[in-house]
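Colleague: Sharing a structure below in structure tokens format, with a few things to ask.
The values are calculated or read from the model by the stated rules, or taken from the named source; none is laboratory data. All values reported here derive from a predicted model rather than from experimental measurement. Here the Cβ positions follow ideal geometry from the backbone for every residue, glycine too, while neighbour counts run over all protein chains shown.
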Amino acid sequence: MYNDKNKQKIVDIIKNAARKHSLWVLAYGTGCGAIEVPATMTSRYDAERLGVRGAATPRQADVLLITGYLTVKTLKRVIRVYEQMQDPKYVIGFGSCTINGGMYFDSYNTINQLDLYLPVDVYISGCMPRPEAVLEGFGKLQELIGKGVANGARQYKDNLDYYRENQKKVIKNWDFQDYNW
Amino acid sequence: METLLEKIKDRVSVNFDLKDHKIYADQKRVDLFFKKEHIPSVLLYLKEQMDFRHLMHMSVIDWLEEGEFEVIFLLWAPKEKIKVFVKTRIDRENPVMENMDNIWPQLNTYEREFKEMYGIEFPGLVAPEEFILEAWTGPPPMRRDFETDKFAKDNFATRPGREDAQDVRETIAKRSGEDIPDFAKKYSR
């Protein structure tokens with residue numbers, strides 16, 4: 001039974017409405033962006049009124065918030081964390097470092113494009129993005145979830161070979177098991 | 001203060017072959033230049049006999065044009081509040097420096113860093129192979145002849161759009177038909 005408006009099943013519409021109002025965020029604090037997260041979460045901007053809350057561990061989280069540049073060493077841990085998260089899961093790239101390298105575009109050990117290695121649902125631009133921008137990004141993510149188009153996790157599963165190839169290109173000491181879902 | 005600093009210099013130069021020195025009276029600082037071989041005994045003497053008990057820092061400068069690395073030890077006397085910089089030059093092609101972590105154990109960490117970042121060898125250094133970089137295959141990244149830009153371009157894909165390093169201010173001014181004021185022009189590329 002499909003809703004012809006945006007080709008979602010009615011059960012999906014209900015599920016997505018529930019999902020988008022309770023986003024549990026794992027803030028992976030790399031780089032300088034981690035300092036904006038407490039400001040977003042605490043009383044002044046109060047992200048919890050949108051249903052956005054911090055989660056303690058990857059397995060309890062829905063959103064992986066990557067706040068800033070990623071060195072090759074950290075990227076390996078981030079991939080590990082992302083693969084531990086359970087569906088539904090979304091990735092937010094935070095700051096210009098995740099988009100095109102930002103001010104570290106010519107560094108010898110930071111990656112320049114996050115979406116080669118992980119499926120990013122929403123990018124928040126800025127260096128640093130202010131809490132308003134972060135909330136805007138979460139709002140955008142909620143909108144995409146509501147429409148049923150925030151399907152980065154499915155994209156990752158379908159194109160795992162592509163992502164693995166890119167990941168292995170930069171991570172020289174690759175020692176993950178060859179597993180699949 | 002000047003006389004005290006002179007005295008320190010004199011006392012060291014009596015015991016060791018001092019190549020050169022410099023005194024900064026306003027900073028309470030003496031720079032002492034030695035040959036590479038004398039460094040361990042100089043450091044031990046300064047620590048044990050002259051109360052320079054505290055190692056503030058160890059640092060390396062890459063003098064690419066002269067083909068040398070400069071290794072610097074920053075010492076501090078807590079009682080007199082005087083700094084002594086012990087400096088030496090080593091060959092850049094074959095950089096070998098004595099392992100001195102038995103004088104100050106914290107030198108071990110510095111030596112690991114310089115081994116990784118500059119490729120300086122410390123014979124007898126007992127430490128894990130990797131310090132900060134993981135599975136690094138390129139040349140030591142902090143050397144001045146290491147081309148970071150090229151390395152990043154070869155290894156990490158860049159998103160198209162920032163090759164020309166365009167000035168955003170000019171683009172915006174052109175789009176909205178405004179003139180950039182004179183005071184802002186000097187900051188434009």
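Colleague: Would you mind stating whether A:LYS157 is within 14 Å of chain B (Cβ to nearest Cβ) and not in a loop (DSSP other than H, G, I, E, B)? Break it down stepwise before answering.
Modeller: On the way: within 14 Å of chain B (Cβ to nearest Cβ): no; not in a loop (DSSP other than H, G, I, E, B): yes.
Answer is no for this residue.
Colleague: Tell me which strands (runs of 3 or more DSSP E) are completely within the range B:1-102 and hold 3 or more residues being in contact (Cβ under 8 Å) with a residue 12 or more places away in the chain, surrounded by 17 or more Cβ atoms within 10 Å (Cβ to Cβ) and not acidic (Asp, Glu), or say none if there are none.
Modeller: Strands (runs of 3 or more DSSP E) meeting the threshold: B:54-63, B:68-77, B:82-91.
Colleague: Could you tell me which residue of the range B:124-140 is surrounded by the most Cβ atoms within 10 Å (Cβ to Cβ), considering only residues that are under 15 Å from A:THR74 (Cβ atoms) and without any contact (Cβ under 8 Å) to a residue 12 or more places away in the chain?
Modeller: That would be B:GLU134.
Colleague: Let me ask another. Have a look at B:GLU116, B:GLU129, B:GLU147 and point out the one that is more than 25 Å from A:GLY101 (Cα to Cα) and acidic (Asp, Glu).
Modeller: B:GLU129
Colleague: Can you give me the number of residues within the range A:3-35 that are within 30 Å of A:VAL72 (Cβ to Cβ) and touching a Phe, Trp or Tyr at 6+ places or on another chain (Cβ under 8 Å)? Write out each step before concluding.
Modeller: If we filter the range A:3-35 for residues that are within 30 Å of A:VAL72 (Cβ to Cβ), which is where we start, we get A:23-35.
Imposing the further condition that a residue be touching a Phe, Trp or Tyr at 6+ places or on another chain (Cβ under 8 Å) reduces the set to A:23, A:30-31, A:33.
Here the count works out to 4.
Colleague: Only residues that are out of contact with any helix residue (DSSP H, G or I) (no Cβ under 8 Å at 6 or more places or on another chain), more than 14 Å from chain B (Cβ to nearest Cβ) and loosely packed, with under 12 Cβ neighbours inside 10 Å: list them for the range A:160-181, please.
Modeller: Answer for the range A:160-181, where residues must be out of contact with any helix residue (DSSP H, G or I) (no Cβ under 8 Å at 6 or more places or on another chain), more than 14 Å from chain B (Cβ to nearest Cβ) and loosely packed, with under 12 Cβ neighbours inside 10 Å: A:ASP161, A:GLN177, A:ASP178, A:TYR179.
Colleague: Could I ask something else about it? How many residues does the range A:95-119 hold that are closer than 30 Å to A:GLY148 by Cβ and in contact (Cβ under 8 Å) with a residue 40 or more places away in the chain?
Modeller: 8
Colleague: So, one more: Within the range B:111-151, how many residues turn out to be part of a helix (DSSP H, G or I) and in contact with a helix residue (DSSP H, G or I) (Cβ under 9 Å, 6 or more places away or on another chain)?
Modeller: Adding up the residues that qualify gives 0.
Colleague: In the list B:TRP104, B:TRP136, which residue meets the criterion of being within 13 Å of chain A (Cβ to nearest Cβ) and at pLDDT 85 or above?
Modeller: So the residue among B:TRP104, B:TRP136 that is within 13 Å of chain A (Cβ to nearest Cβ) and at pLDDT 85 or above is B:TRP136.
Colleague: What single numbered condition from (1) more than 14 Å from every other protein chain (Cβ to nearest Cβ); (2) at positive phi; (3) not aliphatic (A, V, I, L, M) fails to hold for A:PHE138?
Modeller: Checking A:PHE138 against (1) more than 14 Å from every other protein chain (Cβ to nearest Cβ); (2) at positive phi; (3) not aliphatic (A, V, I, L, M), the one that fails is (2).
Colleague: Do you know which of the residues in the range A:66-110 that are at the interface with another protein chain (Cβ under 9 Å from one of its Cβ atoms) and small (Gly, Ala, Ser) is surrounded by the most Cβ atoms within 10 Å (Cβ to Cβ)?
Modeller: The extreme case among them is A:GLY101.
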